[in-house]
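The values are calculated or read from the model by the stated rules, or taken from the named source; none is laboratory data. It should be emphasised that the depicted structure is a prediction, and the values quoted were computed from it without experimental measurement. We place every Cβ from the backbone using ideal geometry, glycine too, and count neighbours over all the protein chains shown. Heavy atoms of the whole protein, side chains included, go into the accessibility calculation; ligands, DNA and RNA do not. Shrake-Rupley method; radii C 1.70, N 1.55, O 1.52, S 1.80 Å.
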Amino acid sequence: MGSRRSPIGAAKRCLGIDCEGSTCVAEQAERRGVVTYIQRMNKRSIEPCLFGQGGTCCRICSFGPCMMIEDIPESIGICGATPATVAARNFCRMVAGGASAHMDHGLETALAFLAAARGESDYKIKDEKKLRALAEVFDIKTEDRSTKDIAVELGEKALAEFGKQEGGLYCIRRAPEKRQEVWKKNGVVPRGIQREVVEIMHRTHMGTDQDYRNLLLQATRCALADGWGGSMISTELQDIMFGTPVPTRAVVNLGVLSKDEVNVVVHGHEPILSEAMVLVAEDPEMIKAAKNAGAKGINLVGVCCTGNEILMRHGIPVAGSFIQQEIVLATGAVEVMVVDVQCIMQSLPSVARCFHTEVITTSDRAKIPGAKHIEVHHHNALEAARQIVQRAIDRYPQRGEINIPHHKMDVVAGFSHETINHILGGAFRASYRPLNDNIINGRIRGLGAIVGCDSARVRSGYMHTTVAKELIANNVLVLTTGCAATACGREGLLTPEAASLAGPGLREVCETVGMPPVLHMGSCVDNSRILMAATEVVREGGLGDDIYQIPAAGCAPEWMSEKAISIGHYFVASGVFVVFGRTFPTTGSKVLTDFLFKEFEDLYGGMWAVESDPIKMAQLMIQRIEKGREALGIQEKKKRVLFDMAMRREL
Ligand code: MSK
């Protein structure tokens, strides 16, 4: 039978804050008959299927479903497939699903970028420096050429990456040379972006690839096509079009909703619409229309990764992470929630129906019964945004009772890998040298990435923030993205003041430059920024010549989506030790799990692990970091040397 949880406990989990009694949005909403994931979790009468959870349920043909237990020799599929093969196929398909989400996002971005470059959309080229730098990666001549010429050629070449069948991806060449050699040796260099997904679907078809090692080879190639392909192209072209993020002050949590303004919430992933929404929400004509409707103005806020995108670039507040999306509506204070793709709960229209709220879908790839659909493309984004904001204004007079908690927290976000150069190296000698030096001298023990979703299955945000606090207390600088970043923001870890929670070395560095000990680097496609930051650390020198040598580790404590699996796998294949929380989708097969959790390290330098306890998770990461320091010969903290004038002159 399913476990029963107290509604109060569940509500606290959903909000990630201590929100008691009458102020608890979830509880109040429940009394009004609003059904959210909290009630759905409590009502589940069947525990999750262990075969499905551990990856040993095969349902790719009509012989089955065949459910297998590896310890029982005769427990194999009717076709003869072993538990390891089945778990590998399921893992591959998760990678393909996750990777294709980022790839499709990247494809849309490339199309929008090309239109902007040709002058055929409302968007323009904002970051010319980054345009020229990326053009060089794509072998595009930049000397004596106009911005438009370079941008058009870059757009065409980026778009071609998606349909490429051979020859390798341009961005793969950004990785350290040693890493590229590892990929070549293992035969996993992606040949094109979309090809790798198609090949996974073919190989995992009944009766095709039956060797778990060979299947994992393709999963690795596909994940790399995500991280160093689809995701990287998304991030880089978005930066060029919408601006590369720089540290920006903003506010997060439910308290950012306004009691006397028109609240418009953008949710999803692609910034094509949200960028237009930012422009329209600031339009004096629209603000006047809101005032005419009785509101004080327009309050645009974000949810999930769209929220992270506009937080990083414009300082727009974030109302909540993935798990909070229904709760945001349950405040009764939202006029319109506009969504595009990924991580959108189908229940949103039914929650919205309990209030005056309208849910609007905008992508032809993601419709929801009960939601209004207004199709948005890069060529009509502004016009559609205007229509959406007007609908929100029209709804404002219908607003009923509201319950906006007072909880909100200041954050500093916008740490692109380029910004880290400046924040540590200063305006005139931008470089990763100070970061590398501080890792070498031991003030910073290493880097820890905390990424991924929040989940209904754990106390939301608790895992992320507990890992983060443990890491920074042990002088590990934390890089974060996605809903993990929002959770850290709610907890106050994205402020320079949070340096007081850090160990003495990290604290000294953070206080010297005024940066938080946890750096918000963006949305889930922006994990490619972490790949580039790791590459910059290698390039700067002194910490090995490959990513696996850096004292670093990553985790996704509350992961839930296929995207998380793809992201985790491209980090592992890039040489990073990655720990996932609570469960892992191959544990039904020890053979396959041992391959991923042990043997993978010999092949790639990185490997997987799973751990449910956040303190133990952080300790596993710290152990990996210390192992890396030992291998580099920098495990001892170097003594501080006070420089006299002669030594300074010599410097
Ligand atoms: S939104 S994939 S819940 S991070 Fe990128 Fe958050 Fe995970 Fe969706």
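Structure notes:
- The combined condition, being touching a Phe, Trp or Tyr at 6+ places or on another chain (Cβ under 7 Å) and in the same structural domain as PHE162 (by TED's automatic domain parsing), is fulfilled by ALA175.
- For beta carbons closer than 8 Å, sequence separation of 6+ or different chains, a first residue in the stretch 520-531 that is at positive phi and a second that is open to solvent by 10 Å² or more (accessible area, probe 1.4 Å) and more than 10 Å from the ligand (Cβ to nearest atom), there are no qualifying pairs.
- Residues located in the stretch 41-61, provided they are open to solvent by 100 Å² or more (accessible area, probe 1.4 Å) and under 20 Å from VAL458 (Cβ atoms): LYS43, ARG44, ILE46, LEU50
- The stretch 148-166: number of residues that are surrounded by fewer than 16 Cβ atoms within 10 Å (Cβ to Cβ) and either basic (Lys, Arg) or under 29 Å from GLY544 (Cβ atoms) (or both): 1
- Residue within the stretch 556-566 that is buried (at least 24 other Cβ atoms within 10 Å of the Cβ) and away from the ligand (no atom under 13 Å from the Cβ) present: no
- Selection from the stretch 294-307 of residues that are out of contact with any Asp or Glu (no Cβ under 7 Å at 6 or more places or on another chain) and farther than 30 Å from ASP454 by Cβ: GLY294
One line per residue, one yes/no per condition, for (1) of a type in the set (Gly, Ala, Ser); (2) in contact with a strand residue (DSSP E or B) (Cβ under 7 Å, 6 or more places away or on another chain):
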{"site": "GLU236", "(1), (2)": "no, no"}
{"site": "GLY243", "(1), (2)": "yes, no"}
{"site": "THR248", "(1), (2)": "no, yes"}
{"site": "VAL256", "(1), (2)": "no, yes"}
{"site": "LYS259", "(1), (2)": "no, no"}
{"site": "VAL264", "(1), (2)": "no, yes"}
{"site": "ILE272", "(1), (2)": "no, no"}
{"site": "VAL278", "(1), (2)": "no, yes"}
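- Single match in ARG399, ARG395 (criterion: crowded, with 18+ Cβ neighbours inside 10 Å and either of a type in the set (S, T, N, Q) or touching an Asp or Glu at 6+ places or on another chain (Cβ under 6 Å) (or both)): ARG395
- Residue within the stretch 250-266 that is crowded, with 24+ Cβ neighbours inside 10 Å, within 15 Å of the ligand (Cβ to nearest atom) and on the phi > 0 side of the Ramachandran plot present: no
- Restricting attention to the stretch 583-602, the residues that are surrounded by 19 or more Cβ atoms within 10 Å (Cβ to Cβ) and of a type in the set (A, V, I, L, M) add up to 2.
- Residues within the stretch 211-263 that are within 30 Å of ASN299 (Cβ to Cβ), part of a helix (DSSP H, G or I) and not charged (D, E, K, R), tallied: 10
- Considering the stretch 129-147, the residues that are free of Cβ contacts under 8 Å to residues at least 24 places away in the same chain and assigned to a helix (DSSP H, G or I) include one that is least open to solvent (accessible area, probe 1.4 Å), namely ALA135.
- Note on the stretch 475-491: residues that are among the polar types (S, T, N, Q) and more than 16 Å from the ligand (Cβ to nearest atom) amount to 1.
- Count of residues meeting criterion [of a type in the set (Asp, Glu) and farther than 21 Å from SER523 by Cβ] in the stretch 291-335: 1
- Residue within the stretch 346-361 that is within 13 Å of the ligand (Cβ to nearest atom), in contact with a His (Cβ under 9 Å, 6 or more places away or on another chain) and closer than 26 Å to GLU108 by Cβ present: no
- Within the stretch 381-396, the presence of a residue that is touching a residue at least 40 places away in the same chain (Cβ under 8 Å), in contact with a Leu (Cβ under 9 Å, 6 or more places away or on another chain), among the charged types (D, E, K, R) and over 30 Å from MET560 (Cα atoms) is excluded.
- In the stretch 83-102, the count of residues that are outside any helix (DSSP H, G or I), at pLDDT 90 or above and outside the structural domain of GLY568 (by TED's automatic domain parsing) is zero.
- Any hit, the stretch 299-312, residues being more than 25 Å from VAL251 (Cα to Cα), in contact (Cβ under 8 Å) with a residue 24 or more places away in the chain, among the hydroxyl-bearing types (Ser, Thr, Tyr) and not assigned by TED's automatic domain parsing to the domain that holds ALA110: no
- Verdict on LEU506 being over 21 Å from ARG629 (Cβ atoms) and away from the ligand (no atom under 16 Å from the Cβ): no
- Being more than 14 Å from the ligand (Cβ to nearest atom) and either more than 21 Å from the chain's Cα centre (by Cα) or part of a helix (DSSP H, G or I) (or both) holds for only one residue in LEU494, LEU519, LEU543, and it is LEU543.
- Checking each residue in the stretch 132-152 for being among the acidic types (Asp, Glu) and within 29 Å of the chain's Cα centre (by Cα) picks out GLU136, ASP139.
- Considering only residues in the stretch 437-470 that are of a type in the set (A, V, I, L, M, F, W, C) and in a helix (DSSP H, G or I), the one that is farthest from the ligand (Cβ to nearest atom) turns out to be ILE440.
- Hey, GLY315 more than 16 Å from the ligand (Cβ to nearest atom) and of a type outside the set (A, V, I, L, M) or not: yes
- Members of the stretch 321-357 found to be within 21 Å of the chain's Cα centre (by Cα) and on the phi > 0 side of the Ramachandran plot, listed by number: GLN342, CYS343
- Of the residues making up the stretch 560-600, those that are closer than 22 Å to VAL341 by Cβ, among the hydroxyl-bearing types (Ser, Thr, Tyr) and touching a Lys or Arg at 6+ places or on another chain (Cβ under 9 Å) number 0.
- The C-beta contact set for the stretch 559-572 (first residue under 16 Å from TYR604 (Cβ atoms), second residue away from the ligand (no atom under 12 Å from the Cβ) and acidic (Asp, Glu), distance under 6 angstrom, 6+ apart or interchain) comprises SER566/ASP226; TYR570/ASP226.
- Some residue of the stretch 428-436 being outside any helix (DSSP H, G or I) and hydrophobic (A, V, I, L, M, F, W, C): yes
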